[in-house]
Amino acid sequence: MESWRKKEFLFWAAAAVVALLLFVLVLKYGRELRNRNDRALSTFMAGDPHEGGRVFSDKGCGRCHAIAGVGGSQGGGKARDLAEMPNENLSLNELATAMWNHAPDMWKRMGDEKLEYPRLSETEVTNLFAFLYTIRYVNENGNPDHGAEVFSSKGCIQCHAIQGQGARVGPDLANNPSLQLPFIWAQEMWNHAPRMEELIRQKHLPWPKFEDNEMVDLLSYVQNMNAGVRQGFEVFPADSAHGQEIFREKGCIVCHAVDGEGGKIGPDLGQNQKVPHKVTQLGGWMWNHSPEMWQIMKSKGIERPRFEGREMPDLIAYLYTIHYFDDPGNVQSGDEVYKKKGCAMCHGENGQGGKGGPAIQQLKGKFSVVRMAYTMWQHGPQMYARAQQQNIPWPKFQGNDMANLIAFLNSSKL
Ligand code: HEC
Ligand code: HEC
Ligand code: HEC
Ligand code: HEC
């Protein structure tokens with residue numbers, strides 16, 4: 001089987017799904033932004049992941065960085081695969097921080113390899129970020145060998161065959177090509193859970209629960225074994241605003257609050273809840289709790305919701321929206337960052353400019369994560385050169401530093 005082509009196809013199919021999803025997230029956030037009057041991320045609104053993908057290859061990022069294992073082999077040793085960012089790099093802020101902190105390594109490598117320095121406009125950075133964000137959470141490169149083990153250790157094999165291998169109580173999971181898409185997988189797992197639960201109970205098997213990457217690995221096994229048609233999958237544009245309606249309509253809100261609004265029977269699914277990072281994991285998350293949820297539903301006379309068409313993608317888009325954006329930064333802490341990281345030394349206490357660097361006061365109100373990344377690409381090398389002359393270390397950020405700094409730079413305290 002041409003597993004590479006399949007991988008590539010799946011990658012782009014998934015990228016397309018999430019590109020649309022992201023677009024909607026961005027629109028939705030646009031609305032919220034106006035409500036909250038929080039400008040910190042406003043420039044991201046224009047981000048287009050497709051365009052961003054083009055920027056990524058046009059500007060030569062792909063020379064050093066692979067994306068999900070593709071590309072990035074130039075010269076002495078690879079830079080990080082940008083689809084495989086560490087888990088904690090989930091939000092925009094964290095992505096920009098990682099890039100900023102590694103900038104000097106990157107410039108050095110570019111110098112060593114005599115690559116042309118990429119000049120990026122602010123729009124290009126915006127699109128690039130949309131792209132980088134997108135690919136990180138659709139990259140579901142599981143381990144199919146481990147997935148095969150999961151398939152038997154979780155007891156799926158007791159009822160399901162894959163390409164004829166296994167039991168025939170349930171359908172052969174390699175026969176339904178649409179199951180290869182994470183959204184559909186999540187949806188079908190949910191929809192079929194009641195019948196499976198009944199049978200699982202009859203067989204006195206435990207309810208299989210999934211941890212970490214188990215569900216992703218399992219899906220990756222199913223994808224690999226699925227020789228079926230790979231073309232013509234319907235790509236679902238996900239609409240998180242509609243997802244929010246579904247959350248109400250399907251009665252989730254009867255038991256779950258989101259940031260305090262809604263029922264108290266199940267856990268609050270808002271900001272403080274740790275959400276799995278991948279679509280498939282999110283499916284697994286709901287699956288794990290399915291029997292308990294269902295039982296309470298029965299006792300309350302709530303019908304167990306089924307999902308059709310675009311409902312699950314929309315719901316998942318909504319559950320992600322809650323977690324995508326960083327909390328706004330803190331002006332006071334940002335003031336400290338500005339001084340501690342040496343910005344004040346070159347740009348002046350109030351951004352009025354100084355010996356080391358130009359005035360930045362006039363940019364007040366325009367700072368955002370994207371603007372910071374743009375600054376890094378556009379002005380970073382000169383800043384770095386100046387810092388080296390003056391024996392100032394390259395300022396590195398941790399945790400919420402960048403968000404706080406941005407809040408400060410936009411405040412009347414600058
Ligand atoms: C000449 C090679 C090279 C090129 C070209 C390059 N980078 Fe990098 N990049 C690096 C190195 C080296 C690092 C730091 C170490 C690492 O992450 O592997 C890095 C780090 C990063 C990081 C931080 C990753 C993390 O979480 O640690 C991001 C994000 C990034 N680069 C984005 C880009 C983008 C976007 C472009 C194109 C505009 C680009 N890079 C072009 C070599 C390169
Ligand atoms: C006790 C038997 C049993 C076990 C164990 C079981 N299933 Fe099922 N499964 C079924 C049956 C029966 C159906 C069809 C249910 C229906 O029609 O609603 C099904 C349906 C499905 C579907 C939908 C298939 C489609 O083509 O739409 C998926 C996906 C699935 N199961 C995955 C799994 C996974 C993954 C496991 C292991 C964690 C598992 N099942 C464990 C019996 C089982
Ligand atoms: C009748 C009440 C009820 C309804 C309706 C309900 N849930 Fe739940 N849900 C629960 C309970 C209770 C738990 C915790 C179960 C446990 O502890 O295992 C839970 C757990 C979860 C979890 C895991 C949370 C965690 O802390 O790990 C997710 C995700 C979830 N539900 C999503 C949904 C979605 C989406 C819907 C709507 C389609 C929904 N729930 C409908 C009661 C409900
Ligand atoms: C060693 C001195 C130095 C330090 C430290 C320094 N900068 Fe700079 N900065 C400069 C110089 C020099 C430029 C102009 C570079 C150029 O012309 O491309 C600059 C440019 C900028 C710009 C772009 C201004 C414009 O007109 O678009 C911003 C924004 C900025 N710096 C913010 C910061 C922040 C925030 C920090 C702290 C994290 C910082 N700088 C730390 C020297 C420094």
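Residues whose amide H lies under 5 Å from that of residue 397, counting only those 5 or more places away or on a different chain, are 101; hydrogens are built 1.01 Å from N in the peptide plane. Note that the stretch 191-208 has calculated 3J(HN,Hα) couplings of 4, 8, 4, x, 5, 5, 4, 4, 5, 4, 5, 4, 7, 6, 8, x, 5, x Hz, one per residue in order, obtained from phi through the Karplus relation 6.51 cos²θ - 1.76 cosθ + 1.60 (θ = phi - 60°); glycine and proline are x.
For residue 411 and residue 198, the difference between the fully extended length at 0.36 nm per residue and the C-alpha to C-alpha distance is 70.8 nm. Our note on the geometry: Cα centres of the stretch 246-318 and the stretch 381-399, 46 Å apart. Taking each of 339/366; 274/300; 340/396; 264/300 in turn, the alpha-carbon distance tops 22 angstrom for 274/300. The Rg/Rh ratio of the stretch 331-409, with Rg taken over Cα atoms and Rh as the Kirkwood radius over Cα pairs, comes to 0.92. Among 57, 412, a tally of other beta-carbon atoms within 10 Å of each Cβ gives an order, fewest to most, of 412, 57. Beyond 20 Å, what share of the Cα-Cα pairs of the stretch 144-324 is found? Please give it as a whole percent. Here the long-distance tail beyond 20 Å is 54 percent of all Cα pairs in the stretch 144-324.
If R0 is 56 Å, the Cβ-Cβ spacing of residue 149 and residue 332 corresponds to a FRET efficiency of close to 0.65.
Every read-out reported here was derived from the displayed coordinates using simple, explicitly stated rules and does not represent laboratory data. Note that the coordinates shown come from a computational prediction; the quantities given were computed from them, not determined experimentally. Glycine also receives a Cβ, built like all others from the backbone with ideal geometry; neighbour counts cover every protein chain displayed.
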